[in-house]
Amino acid sequence: MAAVQEREQWINDCTIKNVNLVETNQELLNLYQGKSFWQKFGEFEPLTGLANVTIENKVESYQYRLEDLTVTPFQGTAGSNPQ
């Protein structure tokens, strides 16, 4: 019985991570589809490079978020992995 509950908890965790992954991907798409002319123009500004730093920070932030949403394989209390 405990093994079933443990497996169900893992499935629920996977479901939550999957929903968050879809939301994160949609957010990322919205960032790139909704750019104005000035935002696009600012990305090519060569003098200060501030736009590049901003983009690099966003990329890093998304990489961390996506890593957090990675699902780990199910490991029961006995350490077995039934497939």
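The values are calculated or read from the model by the stated rules, or taken from the named source; none is laboratory data. From a predicted model like this one, the values you see are computed outputs, not experimental measurements. Cβ sites come from the backbone with ideal geometry, for glycine too, and all protein chains shown count toward neighbours.
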Worksheet item: Say we look at region 46-77 and pick out the residues that are under 17 Å from residue 20 (Cβ atoms) and of a type in the set (A, V, I, L, M); which of these is surrounded by the most Cβ atoms within 10 Å (Cβ to Cβ)?
Response: 69
Fill in: Near pairs, Cβ below 8 angstrom, 6+ apart or cross-chain, from region 65-79 (on the phi < 0 side of the Ramachandran plot and modelled with pLDDT of 80 or more) to any residue that is part of a helix (DSSP H, G or I) and loosely packed, with under 10 Cβ neighbours inside 10 Å
none
